Amino acid sequence: MPSTRRGFACVAAALAVGTAGCTDRLNTERLRTVRLDLSNRTEASLAFHFVLESEGDLGRWRKFALDADERRRVSFRPESDREWSGYHAVAGDRRVSGSLLGQGDERSCLQLDYEITDAEIRAMMSSEQPLCRDE
């Protein structure tokens, strides 16, 4: 089972994040900030839920209210006693998950951009990380 889950994480990383390679989890001793750029492109208000995943366990779920057609930037400090390997996001009945495997442990700030539409949630790891520049 662990090898299947790891394989799924590698595929998810390659497809959803556009990275190759599956080595190194994000080292939480260096991960001090998670920044989310949330874009609700629907005509309804909704709650956006986000959680980081470590080996076989989830961190604390975070909930953010989004009005219809609202763009919002939020940030938080993750729990510091874990090595994060993935993330999950839920908005209404739409879900997305992704992997942090292959991202290395050199980042102190993680930025994920989410676009929520009537059909899906699109998640992208920001390559330029403009919200993390002051870290």
(message) For region 71-91: of the residues being surrounded by 15 or more Cβ atoms within 10 Å (Cβ to Cβ) and in a loop (DSSP other than H, G, I, E, B), which is modelled with the highest pLDDT?
(response) Pro78
(message) Against the condition more than 21 Å from Tyr114 (Cβ to Cβ) and modelled with pLDDT of 85 or more, how does Asp57 come out, does it pass?
(response) yes
(request) Give the residue that is nearest to Ile121 (Cα to Cα), with candidates limited to residues of region 45-64 that are surrounded by 12 or more Cβ atoms within 10 Å (Cβ to Cβ) and more than 16 Å from the chain's Cα centre (by Cα). (result) Leu46
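Please go through region 70-91 and pick out each residue that is touching a helix residue (DSSP H, G or I) at 6+ places or on another chain (Cβ under 7 Å) and either under 12 Å from Leu58 (Cβ atoms) or of a type in the set (Gly, Ala, Ser) (or both).
Passing the criteria: Ser85, Gly86.
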(request) State which residue pairs qualify: first residue closer than 14 Å to Arg35 by Cα and inside region 78-91, second residue in a loop (DSSP other than H, G, I, E, B) and of a type in the set (A, V, I, L, M, F, W, C) in any location, beta carbons under 7 Å apart, and separation of 6 or more residues or different chains. (result) Pro78/Leu31; Tyr87/Leu100
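The values are calculated or read from the model by the stated rules, or taken from the named source; none is laboratory data. Small disclaimer: the values here were computed from a predicted structure and weren't measured. Neighbour counts run over all protein chains shown; Cβ positions are idealised from the backbone, glycine included.
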